[in-house]
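Okay, so here's the structure we're looking at.
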Amino acid sequence: LAWKCFWVKHILIANRGEIACRVMRTAKKMGVKSVAVYSEADRNSMHVAMADEAFCIGPAPSQQSYLAMEKIIQVARVSAAQAVHPGYGFLSENTEFAELCKQEGIIFIGPPSSAIRDMGIKSTSKAIMSAAGVPVVEGYHGEDQSDECLKDHAKRIGYPVMIKAVRGGGGKGMRIAHSEKEFLDQLESARREAKKSFNDDAMLIEKFVDNPRHVEVQVFGDQHGNAVHLFERDCSVQRRHQKIIEEAPGPGINSEVRKRLGEAAVKAAKAVNYVGAGTVEFIMDSRHNFYFMEMNTRLQVEHPVTEMITGTDLVEWQLRVAAGEKLPLMQEEILLRGHAFEARIYAEDPNNNFMPGAGPLLHLSTPPPDSFTRIETGVRQGDEVSVHYDPMIAKLVVWAEDRQAALRKLRYSLHRYNIVGLSTNIDFLLSLSGHPQFEAGNVHTNFIPQHHDELFPTKKATPPEVMCQAALGLILKEKMQTDAFRDQSDDKFSPFASSTGRRINICYTRKLSLLDGENVVDIAVSYNQGGSYNMQIQDKTFLISGEIVNEDDTVYLRSSVNGTVCKSRLVILDNTIYLFFPEGSAQVGLPVPKYLSAVSSVGMQSGAVAPMTGTVEKHTIRAPKAGVIKKVNFQEGAQANRHAPLVEFVDEEAESK
Ligand SMILES: *[C@@H]1O[C@H](CO)[C@@H](O)[C@H](O)[C@H]1NC(C)=O
């Protein structure tokens, strides 16, 4: 397809982070100049560096920058941008903004505002889809609460049905009726419970969807009345209603169901005269019946998996369609090939209810990108993940010939995605993608709660073998440094000059105290001739040897612990030894330097210091012992840096002395 006389030569990207960078990449490829907007917090960010022109539009909070429509329109005017790409989130589904662009004679790269409006209202969108013959989750939400009426509607909807208290919540006043025979009993039971719980026994009836899956179809429309689909994505695996791993095509979905899904989605798009990229979301039951949920009128976060299986560039399609061209491909020309996964790498703490985090990316190394491994990101090593925006660090997208091979590749690449400086969900993504039920493709929206115990094993002590590897990594790193500075170095900086050690290379022992979480682990290290070490942890002794190797600018620790050979990436930063293994990572703390524990009388281990950079919200901190809080250093909403003392705490015993 030749790119002949396209007249949009200049677009403004009303977004930030990875999606802004993603859009710019295609713009560059097409010779279209890109204009970035940024908040003061993003001044040095990647999307600003990538843009041909960039304008600051205000302070960090989105309300005053990325959501400030007037300011963005102003920049479009000043920079003479002909079109605005809204990305996802922010203003992407804002009818008012789409209208504002239109009034200014600027192309809004998205659907007509009427489609955004109609699809934004749940009842309207369902009514439109139902009228267009798209299957929707049938229900009854009426006033008439007679047994007769409810039963008639249950029959119309089709069993099994869900009987739900109108005021319900938390599963209270909710029953499933599998057949007409049990309907009245279940209704009575639900009413009784609802009356007790909410003092209101009004009921609604809905089609019951068992083991629901979230399956969505990528659609595309042009201004000439054409609409196509680009197959489905499965986005069932979610935490807190947010997607974590997406894949295309949907596992286990046969070509007949796939065809019906695609046709239903195209019908949905045509029902609202859709133009541009959109997603039709369906809920799917275990027998692969599916029902319309909603339509997203923008490019989705997970669009790359669709690009990978269809060999398309959907941002290019968006720009062409916005310029008035016809769709680049007709339905029969869109072919599905292979399988793709996307894993969303977040700054968050999975073990703490996925609490979002923020902070500096002190160390960041990624698997090498190639045509089958895409890293969609808006940050680089040294950048900050800001508390002001979404905590997504990157999307890792992989493709292979089939699902099994793609999953293997996903895990291989996740293992090589190593971040130091803030908590991430990478280890969690590794356990998720390695779960046998995930491998089998048995995904549904309840996957994480259902497999909770296997996905969140109770944190065990770091195995002594791993503690030994951390100790070895530390000793070898120190040795490299002292060897390099031997001539200038004073003995007191030598790692072997501790009080118990004799500073000679023949035989010495040294006691190392490392931190496994909050526990101090003492390791007695003795050096054997020939380069190996004996390490003793409690009553266990290990014979360990190894070396630090540098491959492709990456530092690895190669070790042998009692004959078991292992290679892991080694990073020592921020008073912590990080080891990245194929199945996850280990963090071992160096003893806390005196000056830091003196900052607050509670010390680092007690949790009275900020565990990471972030905004102080409501959070429980348990006092290690009785005492008095003298001062609270941060109010709710304030930003605290990593290791900042949050409170001044005086120990009761110390006080009474
Ligand atoms: C490791 O090997 C040494 C020397 O062969 C042996 O004494 C020790 O018991 C072994 N340690 C463990 C934990 O098996």
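Only the coordinates and a few stated rules stand behind these numbers; no lab work does. As the structure is a computational prediction, the values presented were derived from the model and not from experiment. Note: ideal-geometry Cβ built from the backbone for every residue, glycine included; neighbour counts use all protein chains shown.
When we measure straight from the Cα of LYS243, which lysines land under 17 angstrom away, once same-chain ones fewer than 8 places off are left out?
Partners within reach: LYS395.
On C-alpha positions alone, give me the angle between the axis of helix 69-79 and the longest principal axis of the chain, in degrees, nearest 10.
So the helix axis and the longest Cα principal axis differ by about 90 degrees.
For a 22 Å ceiling on Cα separation, which of these pairs sit above it: LYS33/LYS71; LYS126/LYS155; LYS29/LYS326; LYS164/LYS196; LYS122/LYS164? Walk me through the intermediate numbers first.
Numbers: LYS33/LYS71 20 Å; LYS126/LYS155 20 Å; LYS29/LYS326 20 Å; LYS164/LYS196 14 Å; LYS122/LYS164 19 Å.
Listed pairs above 22 Å: none.
Zone of ARG260 (label point 7 Å along Cα→Cβ, backbone N under 19 Å): which residues in the range 133-152?
Taking a point 7 Å out along Cα→Cβ of ARG260, the residues of the range 133-152 whose backbone N falls under 19 Å are 133-139.
Within the range 421-446, whose backbone N sits under 16 Å from a point 7 Å along Cα→Cβ of ASP453?
Only 436-437 pass the distance filter.
Check PHE581: other-chain or 5+ apart residues with amide H under 5 Å from its amide H, H built from backbone geometry?
Long-range HN contacts for PHE581: ALA586.
Do you know the relative contact order of the range 1-82, to the nearest whole percent, from alpha carbon pairs under 8 angstrom that are 6+ apart?
This gives 29 percent for the range 1-82.
Rounded if a/c is under 1.5, else prolate if a/b beats b/c, else oblate: with a ≥ b ≥ c from the C-alpha gyration tensor eigenvalues square-rooted, which is the range 3-109?
oblate
Under a 5 Å amide H to amide H cut-off, with H placed in plane at 1.01 Å, what residues pair with LYS33 once short-range neighbours are removed?
It is HIS10, ILE11, by chain and number.
Rounded to the nearest 500, what is the 222 nm mean residue ellipticity of the chain from helices alone, with -39500 (n - 2.57) per DSSP H run of 4+ residues and division by all residues?
Rounded to the nearest 500, it is -8000 deg cm²/dmol.
Extending each Cα 7 Å along its Cβ direction at ILE176 and ALA524, get the distance between those two points in nm, one decimal.
About 6.0 nm, to one decimal.
With angles folded into 0 to 90 degrees, how steeply does helix 17-29 sit against the dominant principal axis of the chain? Use alpha carbons for both and round to 10.
70
Given labels modelled 7 Å from the Cα in the Cβ direction, how far is it in nm from SER146 to LEU590?
For SER146 paired with LEU590, the spin-label model returns 8.0 nm.
May I ask you to compute the full-extension gain from ALA80 to ALA440, defined as 0.36 nm times their residue separation minus their alpha-carbon distance, rounded to one decimal in nm?
Value of the extension gain: 124.4 nm.
Averaging sequence separations of C-alpha pairs under 8 Å and six or more residues apart, then dividing by the length of the range 335-392, give the relative contact order as a whole percent.
Over the range 335-392, the number comes to 39 percent.
Taking the mean number of other Cβ atoms within 10 Å as a proxy for protection, how do you rank 115-128, 22-35 from highest to lowest?
On the way: 115-128: 17.4, 22-35: 19.7.
Output ranking for 115-128, 22-35: 22-35, 115-128.
Quick check: residue separation of ARG408 and GLN64 times 0.36 nm, minus the Cα distance between them. What number comes out in nm? Walk me through the numbers on the way to the answer.
On the way: separation 344, 0.36 × 344 = 123.84 nm, distance 4.33 nm.
Stretched fully, the ARG408-GLN64 segment lengthens by 119.5 nm.
Between the alpha-carbon centers of the range 234-312 and the range 128-176, tell me the distance in whole angstrom.
25
In nm², what is the average projected area of the convex hull enclosing the Cα atoms of the chain? List each step's numbers first, then the result.
Working: hull surface 148.0 nm².
For the chain, the mean projected area of the Cα convex hull comes to 37.0 nm².
Between PHE581 and THR509, what FRET efficiency follows from the Cβ-Cβ distance if R0 is 22 Å, with the result rounded to 0.05?
Computed FRET efficiency for PHE581 and THR509: 0.20.
How large is ³J(HN,Hα) for each residue in the range 280-295, as worked out from phi by the Karplus curve 6.51 cos²θ - 1.76 cosθ + 1.60 (θ = phi - 60°), to whole Hz, x for Gly and Pro?
Taking θ as phi minus 60°, the curve returns 9, 9, 10, 9, 10, 8, 5, 9, 6, 6, 9, 9, 4, 10, 6, 10 Hz for the range 280-295.
Which of rounded, prolate, oblate describes the range 66-174, given a ≥ b ≥ c as roots of the alpha-carbon gyration tensor eigenvalues and a/c under 1.5 marking rounded, otherwise prolate only if a/b is larger than b/c?
It comes out prolate by the Cα gyration axes.
Using a 7 Å offset from the Cα along the Cα-to-Cβ direction at both ARG337 and ALA626, what is the distance between the two label points in nm, to one decimal?
Computed distance between label sites ARG337 and ALA626 equals 7.3 nm.
Relative to the longest principal Cα axis of the chain, at what angle does helix 147-157 sit, 0 to 90 degrees, rounded to 10?
Taking the Cα atoms of the chain, the angle to 147-157 is about 80 degrees.
Quote to one decimal, in nm, the extra length available between GLU53 and VAL549 on full extension: 0.36 nm per residue of separation minus the C-alpha distance between them.
That pair, GLU53 and VAL549, stretches by 174.4 nm at full extension.
Give the separation of the Cα centroids, the range 525-555 to the range 425-444, in Å.
Result: 33 Å between the Cα centres.
If you place +1 on the Cβ of every Lys and Arg and -1 on the Cβ of every Asp and Glu, how big does the dipole about the Cα centre of the chain come out, in debye to the nearest 20?
Numbers: 74 positive and 81 negative charges, 123 e Å.
Its charge dipole is roughly 600 debye.
Semi-axes of the equivalent ellipsoid of the range 138-207: what are they in whole Å, largest first, if each equals the square root of 5 times a C-alpha gyration tensor eigenvalue?
18, 12, 11
As an exercise, identify the trypsin sites (Lys or Arg not before Pro) in the range 310-397 lying in DSSP coil whose Cβ has no more than 16 other Cβ atoms within 10 Å.
Filter output for the range 310-397: LYS326, ARG337, ARG380.
Can you tell me how the range 270-419 classifies by the Cα gyration tensor, rounded, prolate or oblate, using a/c under 1.5 as the rounded cut? Mind dumping the intermediate values first?
On the way: a/c = 1.62, a/b = 1.55, b/c = 1.04.
Cα axes put the range 270-419 in the prolate bin.
Starting from the range 224-316, pick out the trypsin sites (Lys or Arg not before Pro) whose DSSP state is loop and whose Cβ has at most 14 other Cβ atoms within 10 Å.
ARG240, ARG287
Show which aspartates and glutamates lie in cross-link reach of LYS631 when reach means a straight Cα distance below 20 angstrom and same-chain residues fewer than eight apart are skipped.
LYS631 reaches GLU617, GLU648, ASP651, GLU652, GLU653, GLU655.
List the relative contact order of the chain as a percent without decimals, with contacts defined as Cα pairs under 8 Å and 6+ residues apart.
9
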